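Data block below; observations after.
Coordinate-derived values only; no laboratory data. Computed from a prediction, not measured in an experiment: that's the story for all the values here. Positions of Cβ are backbone-derived with ideal geometry, glycine not excepted, and every protein chain shown enters the neighbour counts.
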Amino acid sequence: MTKKQYIVGPIMVAIIAAIVQIVDQLGFLNFISDGASFGWVSFQSWAIYFLGGCTIVGGIRAFNSYLLGVIGSILIMVTGNALSALGFAAFPIAVFIWVIPIISLEKAGKWFDYVPALFVGAGAFFAYMNYVPNATYFNGAVTIMVFCVLGLLAGWATIFVRTHYENMLKK
């Protein structure tokens, strides 16, 4: 592959990244997040797609595990709030209670075993709940999952476009 041929791949990735950023900035998806920018979630899930093997199955595992992270975060927050009379200990206890069954799901089969995506999804959800004024569990979950899907699609598009381009060069 020549230097001229090589630069096409990075340009294609840059175009996909720019599209993700445009979608975020135009706010097509931000109506659910009170106008806050959450394109960064897409870039995280894009990376998770690559770490998951760059396959459709890996993307589905990433989606499921992101969703599991969001659901687990909601359970932790609800439980922590219910235990608020315990003060400082409320949320550590809630985390302890819910992390055990959630992490145990990694043994339930390949569809929920992608622990890195679970933690990234949980972290993104917690960030949403702390960043967006008047956040709700519903808006947080929808926002994180919509931007997760956008990133997974960007990851898929990256592999699709680059694979086709590189195969063209081989002919």
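See the values below:
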quantity	calculated
Virtual spin-label span in nm between VAL95 and THR163, 7 Å along Cα→Cβ	3.9 nm
Within a Gaussian network of the chain (alpha carbon springs, distance under 10 Å), most fluctuating of GLY53, GLY72, GLY39	GLY53
Pair-distance profile P(r), taking every C-alpha pair of the chain, with 5 angstrom steps and integer %	1, 9, 16, 17, 17, 14, 10, 7, 4, 3, 1, 1, 0, 0
Principal-axis tilt of helix 3-26 within the chain, Cα atoms, nearest 10 degrees	40 degrees
Total lysine pairs under 19 Å (Cα atoms) in the chain, excluding pairs fewer than 8 apart on one chain	4
Total charge dipole magnitude, region 3-170, about the Cα centre, Cβ charges on Lys, Arg, Asp, Glu only, Debye to nearest 20	540 debye
Of ILE71, ILE93, ILE16, the one that fluctuates the most in a GNM where the chain has Cα springs shorter than 10 Å	ILE93
Estimated FRET transfer efficiency (ALA108, LEU86; beta-carbon r; R0 25 Å; 0.05)	0.25
C-alpha long axis of helix 56-82 to longest principal axis of the chain, angle in °	20 degrees
Degrees between helix 90-104 axis and first principal axis of the chain (Cα, 0 to 90, nearest 10)	50 degrees
